[in-house]
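Chemist: Okay, here's the structure, questions in a sec.
The values are calculated or read from the model by the stated rules, or taken from the named source; none is laboratory data. These numbers were taken from a predicted model, which means no experiment stands behind them. A quick note on method: Cβ atoms are made from the backbone with ideal geometry, for glycine too, and the neighbour counts reach across all protein chains shown.
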């Protein structure tokens, strides 16, 4: 089962197939109208939900959660429009907790194993979590999160993750914990990085190309019995973009 | 005063597998049948390519699942804990809308064994006194293998079951499960293709002396026309199966197998966004007069009917019985009552293995792809010496390669450059060894009505009291050791494992299983079962309750085949006896 030339062959196949969309777009050919709409540049994007100071936090945090090429192979959260994904999610049924059971009473001292009990939608969690984290950074460093250098931002994120930032001491009244905010932020960042580009992130399916996931091709009858062989085709998105 | 609709012969609450089957059977008997579905309508067009191929929408946001907003379950682990509502979905994912969970299940269509149906009799014979926990209250189903066999066979034809026959009329067949009960006919279709992990698991299991066979599948391996004339196309291994609607007409579901045939019948109708809140009873409480539902405009409607079939999800069937006063609610302290008694579940566990130099192409798969062996189901090994009853199917299945759910080693960084490196290194190089285990029923694992929280219509939520018990912890430890031996043969570069062992409690925060069973168990004794062996309420004879709720405890595999077979079994009795002479089908001696 050994394949000594695995990596180089895969790289060759990937490079070959990445050329396809360039040609297609240059010739004005697109599979659907939606595919023709190029994803926006992150720097041009006007967030619909996040206020400008919240947006600055989100960009600075996502950049540390999945850093860009400057730190090693593979695209980063900012390269792939992850903050745009999160902004769009805030106006989805998810952001509004539309499908969740949100009737009181809200019991906040039960076992964490019984699951989410906050009276907060994801929109609330972001607004409160960002404000509380900024308050923490001001207190700790006299600066806003996005003004901190990368290593210090990592320290703040680690402190949130380990629940070492005391949100209650910073004014939180409903027991929202730093680790809860962090895990939502991390989860949504990964979703935006790995979901279909139709949701606003994973620009040009960059993460799928890195992984070797063929996206919405969804037809492998001829491949299922080819064991331990690299799948040669690049990904396709829900709107027909090819990578 | 509620609005009233014209009377029908039979009203079916919920239009998933059991509702669709009952719809076929009762319309065939000439009844005017109306199905009320609380979710939205869904047809095959809703699953047209490429719509289902959207992991965020279906795999993560659970768009096809029940909305806790409509009816959350409150959960506690023991009778003294305060139950809290499951505000967002986690441990289990009941379906919503036409097709129910049958529209987005994985498609493992496997029978229980003859022993599983008579587990109490088996326990009495094979276990000495004092071996098993004394708060265990396992029971026989009250129906035997021979009685159900024709109904398994028919439902499997409806689904185009694909697999390898192991026991044909008592003759053991090569390549199949030698431990399966005797089948009267072979599998309708051959097994699905093997994937890389399947091949590896098969080899290692055989090396250890086990008897692996292809996962019995309702993702069809070949084109199939079922007894209703519905056509399924061969599975194309699209990789979007469990939690997704099928984009290829290949996964058996109410949509692909039954509904288009049923909808052609002039004596069948259905309404969607019709949320049944309770069954209405005659003043003497001995018969139902129909059901009350909230329509899409939020208006309360009374639907009169001569017969009521509760065909919603197991948990909701129990809730409807409790909210309607059908049968005595179970009291775990006084040990009286039956509705809510014998709630059970499924226990899982597994070993994640990572092989740096093997490409698994995990996206190229059907939901049911994989192999399993049944050497550790009850009666096939001596579990008494390990102090537990039950068993597990041991398998390596490959349900999906969708990237958000990519498993990574526990030691991999959760974020930062290290996370990205781990994704690149491990995606596509992972395979899993799993055990899917039985869960017995116990005095304090139960369902009742929550005293605090209500749904948007003011009806109490269902309260679940459930925890893992010593028996299941022991089972997990035993199966873990066996899976470790398989991993030792396969020699991955890295592995980690997760099992529910002694001291671990039920957690609602991450997915466990949507095999919630029991709560309105079937049986032959009205003091320990809510419905008789024909799935008829002991107390209200024109109410039938087909579904996973009927299991008195859970066996070590997937419930759908048994649920389908039980529904046909019940329908047969209704058609042959009940309709001619409506009344209790079993005497309450």
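Chemist: Just checking, does segment B:43-52 include any residue being surrounded by 21 or more Cβ atoms within 10 Å (Cβ to Cβ) and either over 30 Å from residue A:115 (Cβ atoms) or in contact (Cβ under 8 Å) with a residue 12 or more places away in the chain (or both)?
Modeler: yes
Chemist: For residue B:417, which of the numbered conditions (1) surrounded by 15 or more Cβ atoms within 10 Å (Cβ to Cβ); (2) more than 30 Å from residue B:245 (Cβ to Cβ); (3) in contact with a strand residue (DSSP E or B) (Cβ under 8 Å, 6 or more places away or on another chain) fails to hold?
Modeler: Of everything listed in (1) surrounded by 15 or more Cβ atoms within 10 Å (Cβ to Cβ); (2) more than 30 Å from residue B:245 (Cβ to Cβ); (3) in contact with a strand residue (DSSP E or B) (Cβ under 8 Å, 6 or more places away or on another chain), residue B:417 misses just condition (3).
Chemist: Check whether at least one residue in segment A:80-91 is more than 14 Å from every other protein chain (Cβ to nearest Cβ), in a loop (DSSP other than H, G, I, E, B) and surrounded by fewer than 18 Cβ atoms within 10 Å (Cβ to Cβ), and report yes or no.
Modeler: Within segment A:80-91, not a single residue is more than 14 Å from every other protein chain (Cβ to nearest Cβ), in a loop (DSSP other than H, G, I, E, B) and surrounded by fewer than 18 Cβ atoms within 10 Å (Cβ to Cβ).
Chemist: If I filter segment B:96-105 for residues that are under 29 Å from residue B:300 (Cα atoms), more than 9 Å from chain A (Cβ to nearest Cβ), assigned to a strand (DSSP E or B) and within 16 Å of the chain's Cα centre (by Cα), do I get at least one hit? Show your work before the answer.
Modeler: Initial filter on segment B:96-105 (under 29 Å from residue B:300 (Cα atoms)): B:96-103.
Going one step further and asking which of them are more than 9 Å from chain A (Cβ to nearest Cβ), we end up with B:96-103.
Filter once more, keeping what is assigned to a strand (DSSP E or B): none.
No, every residue in segment B:96-105 fails to be under 29 Å from residue B:300 (Cα atoms), more than 9 Å from chain A (Cβ to nearest Cβ), assigned to a strand (DSSP E or B) and within 16 Å of the chain's Cα centre (by Cα).
Chemist: Here is a follow-up. Can you give me the number of residues within segment B:243-272 that are touching a strand residue (DSSP E or B) at 6+ places or on another chain (Cβ under 9 Å) and part of a loop (DSSP other than H, G, I, E, B)?
Modeler: Qualifying residue count for the region: 13.
Chemist: Output the residue which, of all residues in segment A:212-221 that are in contact (Cβ under 8 Å) with a residue 12 or more places away in the chain and at the interface with chain B (Cβ under 7 Å from one of its Cβ atoms), is surrounded by the fewest Cβ atoms within 10 Å (Cβ to Cβ).
Modeler: Narrowing segment A:212-221 to residues in contact (Cβ under 8 Å) with a residue 12 or more places away in the chain: A:212-217.
Subset that is at the interface with chain B (Cβ under 7 Å from one of its Cβ atoms): A:212-214, A:216.
Working: A:212: 23, A:213: 25, A:214: 25, A:216: 27.
Applying the filter and picking the extreme gives A:212.
Chemist: Considering only residues that are in contact with a strand residue (DSSP E or B) (Cβ under 8 Å, 6 or more places away or on another chain) and in a helix (DSSP H, G or I), which ones fall in segment B:106-151?
Modeler: The one that is in contact with a strand residue (DSSP E or B) (Cβ under 8 Å, 6 or more places away or on another chain) and in a helix (DSSP H, G or I): B:149.
Chemist: Yes or no: segment B:469-487 includes at least one residue that is crowded, with 16+ Cβ neighbours inside 10 Å, touching a residue at least 24 places away in the same chain (Cβ under 8 Å) and within 14 Å of chain A (Cβ to nearest Cβ).
Modeler: no
Chemist: Continuing with this model, one more query. Just to verify a result, which residue in segment B:383-406, among those that are part of a loop (DSSP other than H, G, I, E, B) and out of contact with any helix residue (DSSP H, G or I) (no Cβ under 8 Å at 6 or more places or on another chain), is surrounded by the most Cβ atoms within 10 Å (Cβ to Cβ)? Give the derivation first.
Modeler: As a first pass, look at segment B:383-406 and keep what is part of a loop (DSSP other than H, G, I, E, B): B:383, B:387-391, B:398-402, B:406.
After this cut, where a residue has to be out of contact with any helix residue (DSSP H, G or I) (no Cβ under 8 Å at 6 or more places or on another chain) as well, the list is B:399, B:401.
Working: B:399: 22, B:401: 24.
Applying the filter and picking the extreme gives B:401.
Chemist: Taking the conditions exactly as written (part of a strand (DSSP E or B), within 14 Å of another protein chain (Cβ to nearest Cβ), closer than 24 Å to residue B:243 by Cβ and more than 22 Å from the chain's Cα centre (by Cα)), does residue B:464 satisfy them or not? Please lay out each step first, then the result.
Modeler: Values: part of a strand (DSSP E or B): yes; within 14 Å of another protein chain (Cβ to nearest Cβ): yes; closer than 24 Å to residue B:243 by Cβ: yes; more than 22 Å from the chain's Cα centre (by Cα): no.
It is false that residue B:464 is part of a strand (DSSP E or B), within 14 Å of another protein chain (Cβ to nearest Cβ), closer than 24 Å to residue B:243 by Cβ and more than 22 Å from the chain's Cα centre (by Cα).
Chemist: Which one of B:218, B:191, B:205 is within 13 Å of another protein chain (Cβ to nearest Cβ) and crowded, with 20+ Cβ neighbours inside 10 Å? It would help to see each step written out before you state the result.
Modeler: Details: B:218 fails: within 13 Å of another protein chain (Cβ to nearest Cβ); B:205 fails: within 13 Å of another protein chain (Cβ to nearest Cβ).
Answer to the selection: B:191.
Chemist: Taking the stated definitions as given, is residue B:508 in contact (Cβ under 8 Å) with a residue 12 or more places away in the chain, within 12 Å of chain A (Cβ to nearest Cβ) and more than 30 Å from residue B:544 (Cα to Cα)? So that I can check it myself, show each step before the final result.
Modeler: Numbers: in contact (Cβ under 8 Å) with a residue 12 or more places away in the chain: yes; within 12 Å of chain A (Cβ to nearest Cβ): yes; more than 30 Å from residue B:544 (Cα to Cα): yes.
In short, yes.
Chemist: Continuing with this model, one more query. Among the residues in segment A:175-182, are any farther than 20 Å from residue A:76 by Cβ, touching a helix residue (DSSP H, G or I) at 6+ places or on another chain (Cβ under 9 Å), surrounded by fewer than 16 Cβ atoms within 10 Å (Cβ to Cβ) and modelled with pLDDT under 95?
Modeler: Within segment A:175-182, one or more residues are farther than 20 Å from residue A:76 by Cβ, touching a helix residue (DSSP H, G or I) at 6+ places or on another chain (Cβ under 9 Å), surrounded by fewer than 16 Cβ atoms within 10 Å (Cβ to Cβ) and modelled with pLDDT under 95.
Chemist: Consider residue B:181 against the criteria (1) in contact with a helix residue (DSSP H, G or I) (Cβ under 8 Å, 6 or more places away or on another chain); (2) closer than 27 Å to residue B:585 by Cα: it satisfies all of them except one. Which criterion is unmet?
Modeler: (2)
Chemist: Of the residues A:127, A:158, A:138, which single one is modelled with pLDDT of 95 or more, surrounded by fewer than 18 Cβ atoms within 10 Å (Cβ to Cβ), within 20 Å of the chain's Cα centre (by Cα) and more than 14 Å from chain B (Cβ to nearest Cβ)?
Modeler: A:127
Chemist: If you don't mind, there's one more thing I want to ask. What about residue B:160, is it more than 21 Å from the chain's Cα centre (by Cα) and buried (at least 23 other Cβ atoms within 10 Å of the Cβ)?
Modeler: On the way: more than 21 Å from the chain's Cα centre (by Cα): no; buried (at least 23 other Cβ atoms within 10 Å of the Cβ): yes.
The answer is no for residue B:160.
Chemist: Please list, ordered by residue number, the strands (runs of 3 or more DSSP E) wholly in segment B:1-91 having 1 or more residues that are more than 13 Å from chain A (Cβ to nearest Cβ) and out of contact with any helix residue (DSSP H, G or I) (no Cβ under 6 Å at 6 or more places or on another chain).
Modeler: B:8-13, B:33-36
Chemist: Can you tell me how many residues in segment A:53-73 are within 11 Å of chain B (Cβ to nearest Cβ) and either assigned to a helix (DSSP H, G or I) or modelled with pLDDT of 95 or more (or both)? Step through it out loud before you land on a result.
Modeler: Just the residues of segment A:53-73 that are within 11 Å of chain B (Cβ to nearest Cβ), to begin with: A:61-73.
Next, only the ones that are either assigned to a helix (DSSP H, G or I) or modelled with pLDDT of 95 or more (or both) stay: A:61-71.
Result for segment A:53-73: 11.
Chemist: Follow-up. Identify, please: which residue in segment B:430-461 is in a strand (DSSP E or B) and free of Cβ contacts under 8 Å to residues at least 60 places away in the same chain and is, among those, surrounded by the fewest Cβ atoms within 10 Å (Cβ to Cβ)?
Modeler: By that ranking, first place goes to B:451.
Chemist: Which residue out of A:169, A:206, A:218 is in a helix (DSSP H, G or I) and more than 26 Å from residue B:414 (Cα to Cα)?
Modeler: None of the other options fit; the residue is A:169.
Chemist: May I pose another question? Specify the residue that is farthest from residue B:359 (Cα to Cα); the eligible residues are those in segment B:474-503 that are touching a helix residue (DSSP H, G or I) at 6+ places or on another chain (Cβ under 7 Å) and part of a loop (DSSP other than H, G, I, E, B).
Modeler: So, considering only residues that are touching a helix residue (DSSP H, G or I) at 6+ places or on another chain (Cβ under 7 Å) and part of a loop (DSSP other than H, G, I, E, B), the one farthest from residue B:359 (Cα to Cα) is B:502.
Chemist: Select from segment B:345-370 the residues that are surrounded by fewer than 24 Cβ atoms within 10 Å (Cβ to Cβ) and more than 14 Å from chain A (Cβ to nearest Cβ) and write down the one among them that is farthest from residue A:224 (Cα to Cα).
Modeler: Only one residue fits best here, namely B:346.
Chemist: Yes or no: residue B:255 farther than 30 Å from residue B:5 by Cα and away from chain A (no Cβ under 14 Å)?
Modeler: Answer is no for this residue.
Chemist: Identify, by number, the condition in (1) surrounded by fewer than 19 Cβ atoms within 10 Å (Cβ to Cβ); (2) in a loop (DSSP other than H, G, I, E, B) that residue B:575 doesn't meet.
Modeler: Every listed condition holds for residue B:575 apart from (2).
Chemist: Pick from B:271, B:243: which is in contact with a helix residue (DSSP H, G or I) (Cβ under 9 Å, 6 or more places away or on another chain) and more than 11 Å from chain A (Cβ to nearest Cβ)? Show your work before the answer.
Modeler: Details: B:271 fails: in contact with a helix residue (DSSP H, G or I) (Cβ under 9 Å, 6 or more places away or on another chain).
None of the other options fit; the residue is B:243.
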